[in-house]
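The values are calculated or read from the model by the stated rules, or taken from the named source; none is laboratory data. As the structure is a computational prediction, the values presented were derived from the model and not from experiment. Because the Cβ atoms are built from the backbone with ideal geometry, glycine has one as well, and the counts that use them run over all protein chains shown. Note: accessible area is taken over every heavy atom of the protein model, side chains too, but ligands, DNA and RNA are not part of it. Shrake-Rupley method; radii C 1.70, N 1.55, O 1.52, S 1.80 Å.
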Amino acid sequence: MEAEVPLTEDTFRALARSSPWRFSALHFTWRTRDDGDVECWLRRPGWLRVRDAAGDRVVRGEAPVVDPEPVLRADGLVESRPRACTHDIDDPMWNNYLFVSMLDPEELSVDVALSDLRSEPRAGRETWWARAAPGEEYEPRCGCCPLLWSRVTDWFEYGDGAPGWEPQAGTVYPEAYDIALDVATGIVVQLSPVGGSRPDHGFETTIHEAELSVVSV
C-alpha cells in the first residue's frame, strides 16, 4: 500500500489523468436531471451494460489495439499520458461524451484553475473536491459536451474560434464548478455548476463496486 498522498493542485490534476490505469471494472449509478438514474456495469476494455427506464442493453466500444503506457509518479498517479483522442482508450459512450469524460476526466488536468481543495468522504469513499474554473486553453474531450461548459468551449465548438462570436441571448456561463473525484478510481463522482443558465449540466455518480488495477492512494 502506498503512503497516503496529500491533496494538492498537482495531485488533483494527476488523479484526473489516472483513471484508465486505476480500475478494470466498475458498477455504478449515473444520475442526471434528464436521464434520471442509470445503473451501469463497465468492464475495460470496451464493454458496458446499462439499465435505465427502458430496460437493459449492452454497449460495446473499440478495444485498444495498443494499450498506451503512462508515465507514473512515485505516488502511483499518472505524470503524463497520451490524450484519449489519440488512442482508442475511451470507455463506451452512453448518450454523449460527458459520460466518457466522467470516467476519464483527463481534461481537468490542463489549464483548469483549482481552489477550495478538500478531502472529504462521499458515500463512504475517499473523495477529493475542488472548485474548478476553465481557462483559455482548456480542451474538453468533446466540445459540445465538456465537463466544464464555458464561453471558451462554446466559442471553439460553435463559433469556430472566430473573433466577435457571441453566444445565444440569455446564455449565462457558470463562474466555476464544484467537482469531486473518487480517489480509488479517479472518476468524477459529482459535478455542480456554480451559477449559470444550465443547472441541468451537473451530475452525480455513485460507485457500488470497483475492481482496482493498481493500489489506491
> Going through the range 133-150 one residue at a time, which ones are open to solvent by 70 Å² or more (accessible area, probe 1.4 Å) and more than 17 Å from Leu98 (Cα to Cα)?
Replying inline: Glu136, Glu137
> Under the condition of being assigned to a loop (DSSP other than H, G, I, E, B) and among the aliphatic types (A, V, I, L, M), which residue from the range 83-107 is surrounded by the most Cβ atoms within 10 Å (Cβ to Cβ)?
Replying inline: Ile89
> List, please: which pairs have Cβ atoms under 6 Å, are six or more places apart or on different chains, and start with a residue in the range 194-209 that is on the phi < 0 side of the Ramachandran plot and end with one that is hydroxyl-bearing (Ser, Thr, Tyr)?
Replying inline: Ser197/Thr171; Gly202/Ser192; Phe203/Thr32; Thr206/Thr29
>> I need the full set of residues from the range 109-162 which are of a type outside the set (A, V, I, L, M, F, W, C), on the phi > 0 side of the Ramachandran plot and in contact (Cβ under 8 Å) with a residue 12 or more places away in the chain, in order please.
In response: Asp111, Asp116
>> Consider the range 11-69. How many of its residues are surrounded by 15 or more Cβ atoms within 10 Å (Cβ to Cβ) and among the aliphatic types (A, V, I, L, M)?
In response: 9
>> I'd like to know if the range 176-190 contains one or more residues that are out of contact with any Phe, Trp or Tyr (no Cβ under 7 Å at 6 or more places or on another chain), surrounded by fewer than 21 Cβ atoms within 10 Å (Cβ to Cβ), in contact (Cβ under 8 Å) with a residue 24 or more places away in the chain and over 16 Å from Ala16 (Cβ atoms).
In response: no
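Here's the yes/no breakdown for (1) farther than 19 Å from Glu9 by Cβ; (2) among the small types (Gly, Ala, Ser); (3) open to solvent by 60 Å² or more (accessible area, probe 1.4 Å):
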site: Glu120; (1), (2), (3): no, no, yes
site: Asp154; (1), (2), (3): yes, no, no
site: Gln168; (1), (2), (3): yes, no, yes
site: Arg198; (1), (2), (3): yes, no, yes
> Which of the residues spanning the range 196-217 are at pLDDT below 90 and of a type in the set (Ser, Thr, Tyr)?
Replying inline: Ser197, Ser213, Ser216
>> Suppose we keep only residues that are buried (at least 17 other Cβ atoms within 10 Å of the Cβ) and among the hydrophobic types (A, V, I, L, M, F, W, C) within the range 200-213. Which one would you say is nearest to Leu147 (Cα to Cα)?
In response: Phe203
> Looking only at the range 48-88, which residues are farther than 25 Å from Arg31 by Cβ, in contact with a helix residue (DSSP H, G or I) (Cβ under 9 Å, 6 or more places away or on another chain) and modelled with pLDDT under 85?
Replying inline: Asp67, Pro68, Arg83
>> If I ask for residues that are in a strand (DSSP E or B) and either hydrophobic (A, V, I, L, M, F, W, C) or touching a helix residue (DSSP H, G or I) at 6+ places or on another chain (Cβ under 6 Å) (or both), which ones from the range 108-123 would you list?
In response: Val112, Ala113, Leu114, Leu117
